[in-house]
Amino acid sequence: MGTTITTLTDATFDEVVGSSEKPILVDFWAEWCGPCKMIAPILEDFAAEQSDKFVIGKLDVDVNVATATKFSVMSIPTLLLFKNGEVVARLVGAKPKGALLQEITANL
Amino acid sequence: MTEHTRVLIIGSGPAGLTAAIYSARAQLQPIVIEGEPSSTTDQPGGQLMLTTDIENFPGFPEAITGPELMANMRAQAERFGADLRTTKVQKLDCSARPFRAWLTDDLEPSVTADAVILATGAQSLMMGVPGEDRLLSHGLSTCATCDGFFFRGQDIAVVGGGDSAIEEATFLTRFASSVTIVHRRDSLRASKIMQERAFANEKIRFAWNTQVTEVLGDEKVSGLAVRDTVTGEARVLDVTGVFVAIGHIPNTTLVTGQVDLEENGYVRTGLGSFTNIEGLFAAGDVQDHVYRQAITSAGSGCIAAIDAERWLESQGH
């Protein structure tokens, strides 16, 4: 039984990320981004398989420009890993599942 | 454990998936190694995954997006029984038949195949100038459709003079206040229709006979150092974004040292898709440096599937 992926917005971002008990991996994505679509199924897998270690949120940069700008996201997909509200890792670009998990786990 | 297949297809762009559709319909139950997610061009679906509208693929009068077209081709290949694997080939041994392919770093090959269709495509060339690696994803990009959005209201540059450079520049004018096309020569290689579109676009400027010498910026791109190829004069273009579209190199790592390559590095094919190794066929951009279109690539995948099928038959497989 996996957890779901939380949809974040400019309005909810600080509260959700700041109050997350587990590290939260935020996927900055957009509908028109091909590589974002490639990693979407991987993130769903993580949400199901890794929910004891970290949780997952996603933010549509098209409609949440403020948050994307705040974290200097200039290329998507960008994955930011937050621990206690602070960015602890930044992963840019689509990568294979194993490589993503390795980089995330190394920063948990 | 090693499994055997009659046809192994490596790559899942238009060439690989068309070969998969034809081989599957010929009851050859092909295994297709489609690659792994990445943001280069070396990924499932190939280079079209990084494009927007495809306006010249016959059958789609209102255009179709690259990712949609590839999802359709993939579904069509699956429908006829192609076995698609979202992974990479680590190593390919073409020295004896059946050919051997490794998908892991095990000692034993993962797959043996009577015939292999190589459709690994090509990927973007980088400029190889100082600052490029450091500023990649910090204002420097190879994918306009991925990153263009973040340059809203900014002055940016596109480096290159071919179709893909002009397409990117035209697309980027949706966001940027100006796009300067930086090109080493004094004319474009791009097709006439693309050129006319670019010349008619008020936001597009041209820096002719101009070579990039360095990408400037600490945290993110703050300018582009260039040199005039005629006068030698150096100057700095005031841009905050740089898109590189200077061409492609074929993805031949798997077969380097095994198969005959052209002088420019592309796999040499004779008639149809035949390489110098019997049973190894090549299709799409890995062997085509001339046309490089979605439709020619698909056609070439079809040719390879038919060549492979007839060759297998002649071998009594």
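The values are calculated or read from the model by the stated rules, or taken from the named source; none is laboratory data. Keep in mind it's a predicted model, so treat the numbers as computed, not measured. Methodologically, a virtual Cβ is constructed for each residue, glycine included, from the backbone with ideal geometry; neighbour enumeration extends over all protein chains shown. Side chains are part of the model used for accessible areas, which takes the heavy atoms of the whole protein and leaves out ligands, DNA and RNA. Shrake-Rupley method; radii C 1.70, N 1.55, O 1.52, S 1.80 Å.
Odds and ends about this structure:
- Computed over segment B:85-153: relative contact order in percent, which uses C-alpha pairs under 8 Å that are six or more apart: 16
- Positions from segment A:23-66 whose accessible area shrinks by 30 Å² or more when the full protein complex is built, not the chain alone, probe 1.4 Å: A:W32, A:G34, A:P35, A:M38
- Loss of accessible area when B meets A, both sides summed, Å² nearest 100, probe 1.4 Å: 1600
- Heavy-atom accessible area for B:D238, with the other protein chains in place and a 1.4 Å probe, reaches approximately 130 Å².
- The Kirkwood radius of chain A, taken over pairs of alpha-carbon atoms, gives through the Stokes-Einstein law at 4 °C and 1.567 mPa s a diffusion coefficient of 95 µm² s⁻¹.
- Taking GluC sites (Glu not before Pro) in DSSP loop conformation with at most 14 other Cβ atoms inside 10 Å as exposed sites, chain B has its longest uninterrupted site-free stretch at B:63-201.
- Our estimate of slack between B:Q29 and B:N276, defined as 0.36 nm per intervening residue step minus the Cα-Cα distance, is 86.4 nm.
- Greater than 31 Å apart at Cα, pairs in A:K83/B:K91; A:K95/B:K192; A:K37/B:K91; A:K83/B:K203; A:K83/B:K220: A:K83/B:K91; A:K95/B:K192; A:K83/B:K203
- Size of the protein assembly as shown as Cα extents on the principal axes (Å, biggest first): 64, 63, 41
- Pairwise label distance in nanometres, B:H289 with B:E78, each label 7 Å out on the Cα-Cβ vector: 3.6
- Take the Cα of B:E68, step 7 Å toward its Cβ, do the same at B:R205, and the gap between the two points is 3.6 nm.
- For chain B, the relative contact order comes to 21 percent (Cα pairs under 8 Å, sequence separation of at least 6).
- Taking the DSSP bridge list for segment B:1-151 and keeping only pairs wholly inside it, about 35 percent are antiparallel.
- Accessible area per residue, Å², the protein assembly as shown with all protein chains present, probe 1.4 Å: 46
- Separation in nanometres of the label points that stand 7 Å from Cα toward Cβ, at B:T231 and B:R310: 5.8
- Portion, in percent, of the accessible area of segment B:77-206 that falls on carbon or sulfur, probe 1.4 Å: 47
- Choice from B:L17, B:L172, B:L188 showing the highest fluctuation, given a GNM over chain B with Cα pairs closer than 10 Å: B:L188
- Of the complete DSSP H runs in chain B, those spanning 18 angstrom or more by Cα along the long axis with a mean Kyte-Doolittle score not below 0.0 are B:294-314.
- Spatial separation of Cα centroids for segment B:286-303 and segment B:84-123, in angstrom: 21
- Annotation: for a label point projected 7 angstrom from Cα along Cα→Cβ of B:T253, residues of segment B:56-100 with backbone N closer than 13 Å are B:88-92.
- Cβ distances below 4.7 Å define possible disulfide partners, and in the protein assembly as shown the cysteines left without one are B:C94, B:C302.
- Euclidean distance between Cα centres, segment A:51-108 to segment B:4-32, Å: 35
- Across peptide A:98-104, the mean count of Cβ atoms from other chains lying within 10 Å of each residue's own Cβ comes to 1.
- A loss of 50 Å² or more of accessible area (1.4 Å probe, protein heavy atoms, ligands and nucleic acids excluded) relative to the isolated chain is seen in these residues of segment B:128-154: B:S137, B:C146, B:F149, B:F150.
- Taking B:P130, B:P98, B:P58 as the candidate residues, the one with maximal mean-square fluctuation in a Gaussian network model of chain B, Cα springs under 10 Å, is B:P58.
- Chain A, relative contact order [Cα under 8 Å, separation at least 6], %: 36
- For segment B:42-166, the Kirkwood estimate of the hydrodynamic radius, built from every pair of different alpha carbons, is 18.1 Å.
- Whole-number D in µm²/s for chain B (Stokes-Einstein; Kirkwood sum over Cα pairs; 20 °C, 1.002 mPa s): 104
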